[in-house]
Every structure is written in C-alpha cells, then in structure tokens.
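Undergrad: One structure follows; several queries about it will come next.
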Amino acid sequence: MTEFQDVLDFVERETGFATSYYDESYLDRRVSARMRRRGVDDYADYLELLRTDDAEERSELLDTLSVNVTQFFRDEKVWGALEDVLLDTADEVRSVDIWSAACADGREPYSIAMLALDAGLDPRNVDILATDIDEDALSRARAGRYESTRTADISEQLDFLDDPSQYVDHDGDGGFVVADHVKDLVTFERHDLITDDPKSGFDLVACRNVCIYIDKQYKLPILDTVSQSLREGGHLVLGQTETLPGDVKERFEAADPRIRIYRRVSDD
Ligand SMILES: C[S@@+](CC[C@H](N)C(=O)[O-])C[C@H]1O[C@@H](n2cnc3c(N)ncnc32)[C@H](O)[C@@H]1O
C-alpha cells in the first residue's frame with residue numbers, strides 16, 4: 001500500500017488535490033480505473049507514468065478524482081418539500097439567505113433560484129451563495145452554460161418546472177444558458193468546507209452529496225461548519241443517502257426525515 005500512498009502524495013503535491021480528505025477505497029477505485037485505462041497494473045509503474053507523461057495523465061486523473069457529478073433538480077422528490085420551506089421562510093423573514101455548499105458546476109444553486117422564482121418569491125429578497133473547493137467547477141458555474149451528454153439530458157432535468165423556458169435560453173449550439181434574472185440571484189465563491197471558517201445566519205443550507213466521498217474523519221467538521229452557518233430555525237438539506245453524525249444531530253430536529261431535511265433547533 002505504500003506505493004499507492006506514493007501515488008496519492010504525488011497527486012497532492014503536484015496538483016493541489018487534497019487526497020487526504022477522501023475516503024481511501026474511493027481513491028483506490030478511481031486510481032485503479034485510470035490504471036486499467038492506461039494498461040498499467042502496478043502503482044509504481046503508474047507513478048512513473050504520472051511523472052513522465054507530460055501532464056496529460058495527471059490531468060485525466062484529476063478529472064476522475066474530482067467528483068463534480070450533479071444535476072438540475074437532483075432527487076426530484078426533495079424539491080416540492082424545499083418549495084414549502086422557501087415559502088414558509090419568506091413568510092418569516094424579509095430576505096431569504098441560502099447557501100449551496102459544494103455546488104459543483106452550479107446546477108444546484110440555479111435550481112434553487114428557479115424554484116424560488118417559480119414559487120413567486122420576490123427576487124429582490126432572495127440571496128444565494130454558492131461555494132465549492134474546485135475553481136474549474138466554479139468557472140463553469142459562473143458561465144451557466146450546460147450541454148446534454150449521452151448520460152445527462154438537460155431538458156429532462158429541467159422537466160421539474162412547468163415552463164423551463166422562463167429560466168434558460170438555448171444558445172444555438174445545443175447548449176442551455178441560465179437566464180440573467182436567475183444568475184442574478186446567485187453569487188459564487190471558493191470555500192473549503194473542511195478548512196475554511198463557518199458562515200452565519202443562513203435560512204437554508206444545502207450540503208448534498210459531498211460527505212459521501214469524504215473520509216469519515218472529515219464528515220463531522222463539514223457538518224459542524226454547515227450547522228454553525230444556519231440561524232436557529234433555519235433548514236439543512238443533505239443528500240438522499242447522507243445522515244447527520246451524533247454530535248451534530250442534537251442541534252436539529254427532522255423536518256422531513258424521508259428526504260433529509262432538518263431544522264436547526266439549538267444555537268450552541
Ligand atoms: C458530487 S458534487 C455535489 C454537487 C451538488 N451538491 C449535488 O448534490 O448535486 C460534490 C462537490 O463537492 C466538492 N467538494 C469536495 N470537497 C470539498 C470541500 N472540502 N469543500 C467544498 N467542496 C468540496 C467537489 O468539488 C464537488 O463539486
């Protein structure tokens with residue numbers, strides 16, 4: 001396993017990708033997939049390839065390791081419940097502050113913005129902060145242009161909305177571009193959920209499908225950061241296979257446990 005560790009150390013040193021945050025078996029599956037692809041069957045040879053391959057394999061490996069997989073309106077059943085949370089919050093507070101933490105290429109925060117507009121919230125009173133650790137994903141998010149692929153059909157993802165054409169335009173090259181009045185609700189910024197400070201006062205935080213890839217020891221710091229960033233009474237939504245660890249759980253009650261929506265009840 002030390003040769004595998006040498007590969008990880010090399011990646012961390014040369015690319016800045018923090019391998020030490022990630023679950024080891026997850027990393028092994030990804031590295032092994034690249035090794036099969038290049039016809040290499042031991043870690044030492046793969047490390048040699050990474051060293052000598054003129055940055056090509058390094059970039060391929062980095063792409064494989066950074067899981068930016070996302071969708072518009074991912075896990076459709078969550079979004080009806082989130083609409084209720086937004087409407088209730090808008091009744092309670094003047095301006096609804098939302099954080100999409102680990103937003104990947106922006107489809108999650110844009111879905112939240114579209115949902116808020118569709119629910120009739122006043123756009124002047126909706127602020128969405130969207131953050132990720134990955135600068136490339138953030139650049140794609142700011143551009144707000146998405147293309148269907150063999151496995152991801154954008155118009156199907158937008159089917160959750162009665163009339164998606166209010167929120168996206170076609171750019172003539174087969175791409176969908178998020179309309180300016182949707183983009184205007186979202187600000188993108190780099191933030192590392194493990195090492196950067198918590199934020200404060202949010203009414204709703206979405207932290208979905210990041211903890212599933214992260215090494216166990218970092219789940220608590222991540223969920224501690226997001227929970228501290230919520231005001232009392234604010235809501236947290238996790239990914240559909242994620243749960244709150246013991247220490248953090250005490251700060252929440254389940255608003256809708258089937259779809260992983262929690263309400264912050266205590267302020268400590
Ligand atoms: C699978 S995507 C989830 C995107 C979206 N939340 C969703 O559920 O569709 C996971 C994202 O977490 C980001 N990420 C990984 N480690 C992170 C960290 N320490 N801080 C912030 N974001 C991180 C990755 O860059 C990636 O964009």
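Undergrad: If you roll a 1.4 angstrom probe over the protein chains with everything in place, what fraction of the accessible area of region 1-156 belongs to carbon and sulfur, to the nearest %? Write down the numbers at each step before the final one.
TA: Details: 3180 of 7860 Å².
Roughly 40 percent of what the probe reaches on region 1-156 is carbon or sulfur.
Undergrad: Counting Lys and Arg as +1 and Asp and Glu as -1, what is the net charge of the other residues whose Cβ lies under 13 Å from the Cβ of PRO221? All intermediate terms of the calculation are to be shown ahead of the outcome.
TA: Values: positive: LYS216, LYS219; negative: ASP192, ASP196, ASP197, ASP215, ASP224, ASP247.
Overall, the nearby charge balance is -4.
Undergrad: Here is a further query. To the nearest 10 degrees, how steeply does helix 107-118 sit against the main Cα axis of the chain, on a 0 to 90 scale?
TA: Result, in degrees: 10.
Undergrad: Another question, if that's okay. List the residues, sorted by chain then number, that are 5 or more residues from TYR22 or on another chain and whose placed amide H is less than 5 Å from its amide H.
TA: Close amide H contacts, sequence-distant or interchain: ASP215.
Undergrad: Let me ask another. Cα axis of helix 216-228 to longest principal axis of the chain: angle in degrees, 0 to 90, nearest 10?
TA: The answer is roughly 30 degrees.
Undergrad: Next question, about the same structure. Could you do me a favour and compute the accessible area per residue for the chain, 1.4 Å probe, result in Å²?
TA: Details: 13260 Å² over 268 residues.
Normalised by residue count, the accessible surface of the chain is 49 Å².
Undergrad: A follow-up question, please. Which net charge results when you count Lys and Arg as +1 and Asp and Glu as -1 among the other residues whose beta-carbon is under 15 Å from that of GLU56? Let's see the in-between values first.
TA: Numbers: positive: ARG34, ARG37, ARG38, ARG51, ARG58; negative: GLU14, GLU48, ASP53, ASP54, GLU57, GLU60, ASP63.
With Lys, Arg at +1 and Asp, Glu at -1, the neighbours total -2.
Undergrad: For the ranges 35-42, 111-118, what's the packing order if you count other beta-carbon atoms within 10 Å of each residue, average per peptide, and put the highest first? Mind showing how you got there, number by number?
TA: Values: 35-42: 12.8, 111-118: 23.6.
Order by mean packing, descending: 111-118, 35-42.
Undergrad: May I pose another question? From the phi of every residue in region 66-75, what ³J(HN,Hα) in whole Hz does the Karplus formula 6.51 cos²θ - 1.76 cosθ + 1.60 yield, where θ is phi - 60° and glycine or proline is x?
TA: Each residue of region 66-75 in turn: 7, 8, 9, 4, 7, 8, 6, 6, 4, 6 Hz.
Undergrad: Send over the semi-axes of the chain's equivalent ellipsoid, whole angstrom and largest first, taken as the square roots of 5 times the C-alpha gyration tensor eigenvalues.
TA: Numbers: eigenvalues 234, 113, 43 Å².
After diagonalising the Cα gyration tensor, the semi-axes are 34, 24, 15 Å.
Undergrad: May I ask for the distance between the Cα centers of region 1-37 and region 57-105, given as a whole number of Å?
TA: About 27 Å separates the Cα centre of region 1-37 from the one of region 57-105.
Undergrad: Continuing with this model, one more query. Using Cα atoms only, what is the angle between the long axis of helix 24-37 and the major principal axis of the chain, expressed in degrees (0 to 90) to the nearest 10?
TA: Value to nearest ten degrees: 60.
Undergrad: Based solely on its DSSP helices, what 222 nm [θ] is calculated for the chain when runs of n ≥ 4 H residues each add -39,500 (n - 2.57) and the sum is averaged over all residues, nearest 500 deg cm²/dmol? Please report the intermediate quantities before stating the final value.
TA: Details: 11 runs with 110 residues, N = 268.
One gets -12000 deg cm²/dmol as the mean residue ellipticity at 222 nm.
Undergrad: Over 24 Å, how big is the tail of the calculated P(r) for region 122-241, in percent of all Cα pairs? Before the final figure, lay out the partial values.
TA: Numbers: 2713 of 7140 pairs.
Considering region 122-241, 38 percent of its Cα-Cα pairs are separated by more than 24 Å.
Undergrad: Taking the DSSP beta bridges in the chain as the whole, what percent of them are antiparallel, to the nearest 5?
TA: Numbers: 14 of 33 bridges.
Of all bridge pairs located within the chain, approximately 40 percent are antiparallel.
Undergrad: I need to check one value: relative contact order of region 98-201, counting alpha carbon pairs closer than 8 Å and at least 6 residues apart, in percent. Working shown, then result.
TA: Numbers: 137 pairs, mean separation 36.3, N = 104.
Relative contact order comes out at 35 percent.
Undergrad: So, one more: Take the alpha carbon atoms of region 127-142, find their center, do the same for region 206-251, and report the distance between the two centers in whole angstrom.
TA: Between the Cα centres of region 127-142 and region 206-251 lies a distance of 19 Å.
Undergrad: Another question, then. For region 77-264, what relative contact order do you get, as a whole percent, if you take Cα pairs closer than 8 Å and at least 6 residues apart? Working shown, then result.
TA: Working: 310 pairs, mean separation 38.8, N = 188.
21 percent.
The values are calculated or read from the model by the stated rules, or taken from the named source; none is laboratory data. All figures in this text were calculated on a predicted structure; none of them were measured in a lab. Glycine also receives a Cβ, built like all others from the backbone with ideal geometry; neighbour counts cover every protein chain displayed. With ligands, DNA and RNA removed, areas are computed over all heavy atoms of the protein, side chains included. Shrake-Rupley method; radii C 1.70, N 1.55, O 1.52, S 1.80 Å.
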